[in-house]
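The values are calculated or read from the model by the stated rules, or taken from the named source; none is laboratory data. As the structure is a computational prediction, the values presented were derived from the model and not from experiment. Quick reminder, even Gly has a Cβ in these numbers, built from the backbone with ideal geometry, and neighbours come from all protein chains shown. Please note that ligands, DNA and RNA were not included when accessible areas were found on the heavy atoms of the full protein model with its side chains. Shrake-Rupley method; radii C 1.70, N 1.55, O 1.52, S 1.80 Å.
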Amino acid sequence: TRVANDLRLLIDTANAPIIGTDANGRVNEWNNKAADLTGYSKVEVEGRYLVRDFITDDFKKPVNVLLRKALRGQQTDNFEFPFVTKSGERVEILLNATKRTDREGKIVGMVGVGQDITELKR
């Protein structure tokens, strides 16, 4: 539909990283800004585990807690964590995450909108 196409364009071209996972924590949303910040294309990350594959070891546990909260329907505001880029660098992200639901209201994953705060953390 036109609305769906407009929303897809908005997500893809947003000036903020937008990341989504399914209920198992596998990446299913990765917009252009997330790709720019991390060096990973959407094709490279789709189906991979967000926490296991892209979060630094020292933040794996707290980010897993964040994901579980979002998957229970609890919104999480202003959570800071580092991403590991394709080149091995650290990018600091400030993320707001919330649940994703299907048409029946069942929680099927989470989506987060972030902000690159790497320069602020230096």
Number of the exception - LEU94 against (1) without any contact (Cβ under 8 Å) to a residue 24 or more places away in the chain; (2) in contact with a helix residue (DSSP H, G or I) (Cβ under 8 Å, 6 or more places away or on another chain): (2)
Any pair with Cβ under 7 angstrom, 6 or more apart, that starts in segment 17-38 at a residue that is more than 19 Å from GLN74 (Cβ to Cβ) and ends at one that is open to solvent by 10 Å² or more (accessible area, probe 1.4 Å) and aromatic (Phe, Trp, Tyr): ARG26/TYR49
Segment 17-50: number of residues that are in contact with a Gly (Cβ under 6 Å, 6 or more places away or on another chain) and aliphatic (A, V, I, L, M): 3
Given (1) of a type outside the set (Asp, Glu); (2) open to solvent by 70 Å² or more (accessible area, probe 1.4 Å); (3) modelled with pLDDT of 90 or more; (4) over 19 Å from ASN96 (Cα atoms), number of the condition VAL45 does not satisfy: (2)
Residue in segment 93-114 that is more than 20 Å from ASN24 (Cα to Cα) and acidic (Asp, Glu) present: no
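Would you be able to say whether some residue in segment 57-66 is open to solvent by less than 40 Å² (accessible area, probe 1.4 Å), of a type in the set (Phe, Trp, Tyr) and under 22 Å from VAL84 (Cβ atoms)? Full working, then the answer.
Step one: list which residues in segment 57-66 are open to solvent by less than 40 Å² (accessible area, probe 1.4 Å), which gives 63, 66.
From the residues that got through so far, the ones that are of a type in the set (Phe, Trp, Tyr) too are none.
Among the residues of segment 57-66, not one is open to solvent by less than 40 Å² (accessible area, probe 1.4 Å), of a type in the set (Phe, Trp, Tyr) and under 22 Å from VAL84 (Cβ atoms), which makes the answer no.
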Considering residues of segment 77-97 that are open to solvent by less than 80 Å² (accessible area, probe 1.4 Å) and over 15 Å from VAL63 (Cβ atoms) only, the residue nearest to the chain's Cα centre (by Cα): THR85
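Restricting attention to segment 67-76, which residues are open to solvent by 30 Å² or more (accessible area, probe 1.4 Å) and either in contact with a Ser or Thr (Cβ under 7 Å, 6 or more places away or on another chain) or aromatic (Phe, Trp, Tyr) (or both)? Reasoning before the result, please.
Step one: of segment 67-76, the residues open to solvent by 30 Å² or more (accessible area, probe 1.4 Å) are 68-69, 71-75.
Residues satisfying the conditions are LYS69, GLN75.
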Within segment 98-107, tally of residues that are closer than 14 Å to THR21 by Cβ and either open to solvent by less than 60 Å² (accessible area, probe 1.4 Å) or part of a loop (DSSP other than H, G, I, E, B) (or both): 2
Subset of segment 1-42 that is of a type in the set (Lys, Arg) and surrounded by fewer than 16 Cβ atoms within 10 Å (Cβ to Cβ) - its residue that is modelled with the highest pLDDT: LYS42
